[in-house]
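Worksheet for the structure shown next.
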Amino acid sequence: MFVYKIFRTEEWQALQADGATLGAPIDRSDGFIHFSTADQAPETAAKHFLGEGDLWIAAVDADALGDALKWEPSRGGALFPHLYRPLMLEDVVWAWPLPFEDGIHKFPADMT
């Protein structure tokens, strides 16, 4: 199973340059890196990135994150994946641009 992280371009470029990240300012403030499932990602994009088109979506193998990935209640009590360690570039299986067109983010057709 994949979990997904939405990055602003400068955050994605920093991960590529540094090889690791503690996430966006909200991640660092909360003490963990916020991820979403494939079903949760569109709502996450709409809620936290509305109107932003300079984004990337990265897929990470949840099993490869081991015990550092915790499933915790968030929006509406739904369980969301939270990573309690730096995200390493080598953890990313794939990443694609996430454009904002016609009022919505355009996700890759097959997020598996």
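Read-outs throughout are calculated quantities, based only on the coordinates presented, and are distinct from any laboratory measurement. Worth saying up front: this structure is predicted, and the values here are computed from it rather than measured. With ideal geometry, Cβ positions are generated from the backbone for all residues, glycine too; neighbour counts draw on all protein chains shown.
Points to keep in mind about this one:
- The 3J(HN,Hα) values that the Karplus relation (6.51, -1.76, 1.60; θ = phi - 60°) gives for region 49-65 are, in residue order, 10, 3, x, 8, x, 9, 10, 10, 10, 10, 9, 10, 6, 4, 5, 5, 7 Hz. Gly and Pro appear as x.
- Efficiency of FRET between W71 and E43 - r from beta-carbon atoms, R0 25 angstrom, step 0.05: 0.90
- The sum of -39500 (n - 2.57) across all DSSP H runs of n ≥ 4, divided by the residue count of the chain, sets its helix-only mean residue ellipticity at 222 nm to -5500 deg cm²/dmol.
- Annotation for E10 and D30: the two label points, set 7 Å from Cα along the Cα-Cβ direction, are 2.1 nm apart.
- In this label model, F100 and A20 are separated by 3.2 nm, measuring between points 7 Å along each Cα→Cβ vector.
- When the charge dipole of region 2-100 is built from unit charges on Cβ atoms (+1 for Lys and Arg, -1 for Asp and Glu) and taken about the Cα centre, the candidate among Q13, P97, L83 whose Cα reaches farthest toward its positive end is L83.
- Average Cα contact separation per residue, region 2-100, under 8 Å, 6 or more apart, as relative contact order %: 39
- Between the alpha-carbon centres of region 34-75 and region 1-31 there is a gap of 11 Å.
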